[in-house]
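To start, the structure itself, in structure tokens.
The values are calculated or read from the model by the stated rules, or taken from the named source; none is laboratory data. In this text the structure is predicted, and so the values were computed from the model without any measurement. Virtual Cβ from ideal backbone geometry, glycine too; neighbours counted across all protein chains shown.
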């Protein structure tokens, strides 16, 4: 068996631990393992496929990043090439990719990536490539699995940041608005806000009313709590629509400059008269050493993916359905992304503890 | 509603976060909350019951320990009192406890504790006290719940320690034996050993053969890996029985002095000729700031316990059955403690990655 | 002796540890201690002075923030009051402050603060108040002392962030520009950049040339290091002047939106064609638990300040001149703020290791 | 110039950062660099000398351990060899070492190590080898330098441990005795005990009286502080002598089993009736990622050692005399090891804050 591994999309703590586990589990079965560099780009004429041995994965289990690197250009279905007029044109190179994989004698591919990579994996699977998926999403927005590696690390990074802001906020009677990742799913904001004792949590799944947010800040003031912490997912938006409201209330400014955190901080400062500051956590959430939870889950995912190869569960991805690791069809997963359920006990817990969602 | 909270047994990171969540959730319902000090001792003539308000729980969500303190003396079913000859005698003071609770107008009790405390809670429930349980165990040995608060923190503490030993072991060509908690259940050893890239993991659920352990150390030596890391649960024991073997192989010494880690280090040093050192993590695993995972789970457990009170689910405890929090009868939980399943995918993953269980 | 403590200016990890040490040392001498709330505002009619006892400082040694809180409004020399037309007018209320201190029977004041607070302390000292200073600056820009508390914590926070960016940068072939504090002094950028293996460090003391910065990025690319990390102090500026260049090169944009990190990222992306991202660490650097170094230094400063009171060294501040704590006249300190010496061995070390300062 | 590097003695966080800085600084000067494996053993017939390039030191700045490894067998002055009767005999192989170094064309050696390694370096220097020293000691017991790398990391590890014990101690009304490194010098115990708010600190420089220790525990009990934390250096001993007292009070037991921490815990439990537990931090203090302070100091030491080579300061070691790095004769350093000064302001601070040294 000649197995190939690929990592695609944004960085997530635990990628190297998945690679390490898969390589060790495969090598211990007597398989040969190859690493495709930069997503699938390594199979697209860039000719960048390297052997992965026990030596290659030594001591990488606790390192962030991916030794295979990743790429935003490597989508074989929409590969960007300079067109006749010089501007990039997307071409489908999936047949070429499959041919190259065959030429290299690759029997199966483990594709580690987010919804984008999983969609590619599904398409390649449909075209005959033998693929197993490993879900990767910092946002926890892939369905079918309780969680994925990287999410726990991101949440802990965010909690650490909230903890740091807390003492300053309290000493200075300030409002802090902290922006975390989550374009469509507010799990990082919800988990870090609840664990970090935020006062307001704003997520894409629950549109907010800025008046309610300010009312919470004022209510705290009235009982002597003259500071507040707002944790906001980057994709949160006010009631009435994503596009219009922020722009309308802050004419002459685009969200791009400053982001939602800065916009909210200004709105709160204007309306409550309290000093408000913003912080954008950004890429800090994607980097660094994975937590114990993520290191363990990554190892289990990596080994389970090799088992799925042995069992020929092509077109499936590994998933955590606690306490077990299972495999489920990638097609099912892609059909319905995961979102925060506003009726979930976690949201309910936050509300019962007095945290406002701005609704 | 006048609700009382109690924390019993050994320390676990997250206790204060449970208390905080329960108090806020109860106060926000308009309930009155009392804290029973030192397990149940506060209701046994020590007259140590304090009001718990929003103020009492301010800023405690990320602190280790319990503001209610705990006790090894407070078991009302076997309360230790000086007997006629001065030596302690156990008496059943459960009726007195229930009477005292009624005299204080306590309508319900949330008992946060391990199997010992849950057994007490069950007995008090059978005698008519309205009790809801919240499971607490650093070892993860309570069944019916995927995990409990404190366990993730303990595992991370153990992983951090393994990481530290790794670099020294490698630089010095040494064997390190690290002992973690787990008298009957090896979850901490399994999770930290796997996530921390240990070479050998010894747990109570899989008796070990010292020859197999030493063979693993030697096999690594032969391929140029001249160091090894052994993670051992305190309750691990060799094939053939807990009591005899260690004593036999190390005459004149008791396990009490030095513990299993030191005993193993000497055996490995004698048999392989390699320098071996031991480390006992001990109470480091019970203390400190809870991880994000534990802070979140604690909040959910605390709020869910208050919901269980509102729903009058007496004699039940809250439990995590991912992704939901449920309630299950305490009696069911006590009937079958949780142990590492040697067939679980986590054990399988470790084996596939080349980790030895000494069997 | 009735001693009063005050904390002023921005937050810095270790403030509470200074307070704790000073209170314990004073109380153990049999002194009475008062805490002035919100800088000096507590003595200016806001009537906010509280007794500080052994109980008040229990368990605060490792907490960020200050239990005395702080304020930007409390400068008694330029106290902001609504003027006749409603806009704020600065008035000198130092005489009132001294009178209030005397009315409260305050014998001496320990003023913990940055250059602003020290200047106030000096002025009050000149007017007859008995003052001892404790220097506080996250930027390490106070002269006369090797370092001050809070700086080590800020540097470690910045290093942790650089470490996180590193793995993502390498996996994605990206340039990351990380902005740290340091309006006039580049110590945080220098120390975190050097310890964090940055490729470029930009500080106010060494004006940079954007072409040199880009040349470093390209030079790395040429030898296969297709990512770069730039650490920039907020006050860094290009050769030719602070005000003009950035504005000129990025017309239509103010630095205010996005800051120097974002501006640099765009310039680098435009000139090198490499994907570049920015991150502003901001208030994360001021918050959280102090490091061991800062906890120790804070304790030594707090106790030394009490000793300075006992020795009546009015108008002096405590300072670290390793390995000793000394006292030096505040007036001397104010005369010459500390800056990074471009000839220092730390800058030299960075250069010798191949780090560029963009000059 | 052909430069060789060697690391000797016990592990210390920062060794790799020193190596990295020295290699980069030397390579950037156009020098060739060799690494001697396992202390000086690599030059003693084991023929283990490897080239060190920019590639060799990539990404090692934040890793614990040493890529050159270390050894307890490599002392060329007392090299252990099997004697005629099989038992080891020490022989002086320094001439052989120098001859081998010359044969390899080595022009100068940077020896990174503790007092043992520095003594070897000094002897080799006297015999004509061109040597520069870099001091390494986890205990901070090398004189002439304010501190060395690794010490700050060890202190932070110890403080983290004290913090963890604190919450458990308080919740359980317990005494914890924590043992840290320091056979002859009590700096780790002093710094971590003071920063970690210990109640008792026992160090070799101040012999203790067990009655005074117990009196402190009881005094705390009387004012309602029913727990205590004792931090003890491994080399602390009671008034009256190292050897006798402990043995006398605990007949039938050797210190070897359990160590001073366990012995103290039993004495305190017996005398005060309070539950007492012990913890030995051990090798945790030598491992792991260096702190920012140590990473910076290591880089400065590594680069300064290369500068010292360029300046031909043979027989000198680099040293921190804040804020500068200087070089001082190794012979001077060896003459007087550093100890805690019982009159230092740090000890005084601890006393003033109410911490007992048991004297």
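Only one of D:144, D:150, D:133 is in contact (Cβ under 8 Å) with a residue 24 or more places away in the chain and away from chain C (no Cβ under 14 Å); which? Working first, answer last.
Details: D:144 fails: away from chain C (no Cβ under 14 Å); D:150 fails: away from chain C (no Cβ under 14 Å).
Criteria check complete, one pass: D:133.
How many of the residues in segment B:32-54 are more than 26 Å from residue A:191 (Cα to Cα) and assigned to a loop (DSSP other than H, G, I, E, B)?
9
Consider residue C:157 carefully, then state whether it is buried (at least 24 other Cβ atoms within 10 Å of the Cβ), over 18 Å from the mean Cα position of the chain (by Cα) and part of a helix (DSSP H, G or I).
Values: buried (at least 24 other Cβ atoms within 10 Å of the Cβ): yes; over 18 Å from the mean Cα position of the chain (by Cα): no; part of a helix (DSSP H, G or I): yes.
The answer is no for residue C:157.
On the given criteria, is residue A:277 in contact with a strand residue (DSSP E or B) (Cβ under 7 Å, 6 or more places away or on another chain), within 11 Å of chain C (Cβ to nearest Cβ) and not in a loop (DSSP other than H, G, I, E, B)? Full working, then the answer.
Values: in contact with a strand residue (DSSP E or B) (Cβ under 7 Å, 6 or more places away or on another chain): yes; within 11 Å of chain C (Cβ to nearest Cβ): yes; not in a loop (DSSP other than H, G, I, E, B): yes.
Yes, satisfied.
On the basis of being under 30 Å from residue C:140 (Cβ atoms) and in contact (Cβ under 8 Å) with a residue 24 or more places away in the chain, does residue D:330 make the cut? Working first, answer last.
Working: under 30 Å from residue C:140 (Cβ atoms): no; in contact (Cβ under 8 Å) with a residue 24 or more places away in the chain: yes.
No; evaluated as a whole, the condition is false for this residue.
So which residues in segment A:191-217 are over 18 Å from residue A:341 (Cα atoms) and not in a helix (DSSP H, G or I), if there are any at all? Outline the logic, then answer.
Looking only at segment A:191-217, we keep the residues that are over 18 Å from residue A:341 (Cα atoms), and these are A:196-199, A:209-217.
Across segment A:191-217, the qualifying residues are A:196, A:197, A:198, A:199, A:209.
Kindly indicate which of C:8, C:39 is touching a helix residue (DSSP H, G or I) at 6+ places or on another chain (Cβ under 6 Å), closer than 18 Å to residue A:174 by Cα and within 13 Å of chain A (Cβ to nearest Cβ).
Numbers: C:39 fails: touching a helix residue (DSSP H, G or I) at 6+ places or on another chain (Cβ under 6 Å).
Checking each option against the conditions leaves just C:8.
Of everything in segment B:18-30 that's away from chain D (no Cβ under 14 Å) and crowded, with 18+ Cβ neighbours inside 10 Å, which residue is nearest to residue D:160 (Cα to Cα)? Steps first, answer last, please.
Of the residues in segment B:18-30, the ones away from chain D (no Cβ under 14 Å) are B:20-30.
From what's left, crowded, with 18+ Cβ neighbours inside 10 Å: B:20-27.
Details: B:20: 24, B:21: 26, B:22: 29, B:23: 29, B:24: 30, B:25: 32, B:26: 34, B:27: 34 Å.
Restricting to residues being away from chain D (no Cβ under 14 Å) and crowded, with 18+ Cβ neighbours inside 10 Å, the top hit is B:20.
Considering segment C:222-250 alone, what residues qualify as being in a helix (DSSP H, G or I) and at pLDDT 95 or above? If you could, list the steps in order and put the result at the bottom.
Here is the first cut: in segment C:222-250, the ones in a helix (DSSP H, G or I) are C:222, C:244-249.
Selection gives C:222 alone.
Take segment D:143-159 and flag every residue that is at negative phi and in contact with a helix residue (DSSP H, G or I) (Cβ under 6 Å, 6 or more places away or on another chain).
Correct list: D:143, D:149, D:152, D:153, D:154, D:155, D:156, D:157, D:158, D:159.
Which of the residues belonging to segment C:319-335 are within 11 Å of another protein chain (Cβ to nearest Cβ) and surrounded by 14 or more Cβ atoms within 10 Å (Cβ to Cβ)?
Scanning segment C:319-335 gives C:320, C:322, C:323, C:325, C:326.
If I ask for residues that are more than 8 Å from chain C (Cβ to nearest Cβ), at pLDDT 90 or above and on the phi > 0 side of the Ramachandran plot, which ones from segment A:46-76 would you list?
Of everything in segment A:46-76, just one residue is more than 8 Å from chain C (Cβ to nearest Cβ), at pLDDT 90 or above and on the phi > 0 side of the Ramachandran plot, namely A:59.
May I ask you to list the residues in segment A:22-45 that are at pLDDT 95 or above and at positive phi?
Correct list: A:30 only.
Give just the number: which of (1) farther than 30 Å from residue D:325 by Cβ; (2) more than 19 Å from the chain's Cα centre (by Cα) does residue C:283 not satisfy?
Failing condition for residue C:283: (2).
Per-residue answers, yes or no, for (1) farther than 27 Å from residue D:205 by Cβ; (2) touching a strand residue (DSSP E or B) at 6+ places or on another chain (Cβ under 8 Å):
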position	(1), (2)
D:86	yes, no
D:99	yes, no
D:116	no, no
D:125	yes, yes
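For the structure I just gave you, tell me whether residue D:162 is assigned to a helix (DSSP H, G or I), away from chain B (no Cβ under 14 Å), under 19 Å from residue D:274 (Cβ atoms) and touching a helix residue (DSSP H, G or I) at 6+ places or on another chain (Cβ under 9 Å). Break it down stepwise before answering.
On the way: assigned to a helix (DSSP H, G or I): yes; away from chain B (no Cβ under 14 Å): no; under 19 Å from residue D:274 (Cβ atoms): yes; touching a helix residue (DSSP H, G or I) at 6+ places or on another chain (Cβ under 9 Å): yes.
Spelling it out, it is not the case that residue D:162 is assigned to a helix (DSSP H, G or I), away from chain B (no Cβ under 14 Å), under 19 Å from residue D:274 (Cβ atoms) and touching a helix residue (DSSP H, G or I) at 6+ places or on another chain (Cβ under 9 Å).
Considering only residues that are touching a residue at least 60 places away in the same chain (Cβ under 8 Å) and in a helix (DSSP H, G or I), look in segment A:336-359 and name the one that is farthest from the other protein chains (Cβ to nearest Cβ).
That would be A:347.
Going through B:169, B:185 one at a time, which residue ends up being more than 21 Å from residue A:152 (Cβ to Cβ) and over 24 Å from the mean Cα position of the chain (by Cα)? So that I can check it myself, show each step before the final result.
Details: B:185 fails: over 24 Å from the mean Cα position of the chain (by Cα).
Just one listed residue meets the conditions, B:169.
So, of the residues in segment A:176-198 that are more than 12 Å from every other protein chain (Cβ to nearest Cβ) and touching a helix residue (DSSP H, G or I) at 6+ places or on another chain (Cβ under 6 Å), which turns out to be surrounded by the most Cβ atoms within 10 Å (Cβ to Cβ)?
Residue satisfying both the conditions and the ranking: A:180.
Within segment A:87-143, considering only strands (runs of 3 or more DSSP E) that don't extend past its boundaries, which have at least 3 residues that are crowded, with 21+ Cβ neighbours inside 10 Å?
Values: elements: A:88-91, A:108-113, A:131-135.
Output list reads A:108-113, A:131-135.
Could we say that residue A:288 is crowded, with 22+ Cβ neighbours inside 10 Å, modelled with pLDDT under 95, under 30 Å from residue A:28 (Cα atoms) and touching a helix residue (DSSP H, G or I) at 6+ places or on another chain (Cβ under 6 Å) here? Walk me through it before giving the result.
Details: crowded, with 22+ Cβ neighbours inside 10 Å: yes; modelled with pLDDT under 95: yes; under 30 Å from residue A:28 (Cα atoms): yes; touching a helix residue (DSSP H, G or I) at 6+ places or on another chain (Cβ under 6 Å): yes.
Judged against the criteria, residue A:288 is a match.
Would you pick out the residues in segment D:283-304 that are away from chain B (no Cβ under 14 Å) and over 16 Å from residue D:137 (Cβ atoms)?
D:292, D:295, D:296, D:299, D:300, D:302, D:303, D:304
From the list A:63, A:44, A:34, A:77, pick out the single residue that is touching a residue at least 24 places away in the same chain (Cβ under 8 Å), under 26 Å from the mean Cα position of the chain (by Cα) and closer than 22 Å to residue A:283 by Cβ.
Details: A:44 fails: closer than 22 Å to residue A:283 by Cβ; A:34 fails: closer than 22 Å to residue A:283 by Cβ; A:77 fails: closer than 22 Å to residue A:283 by Cβ.
Matching residue, one of A:63, A:44, A:34, A:77: A:63.
Assuming residue A:278 fulfils every condition listed in (1) buried (at least 24 other Cβ atoms within 10 Å of the Cβ); (2) over 26 Å from residue B:321 (Cβ atoms); (3) not assigned by TED's automatic domain parsing to the domain that holds residue A:262 apart from one, which condition is it?
So residue A:278 meets the others, but not (3).
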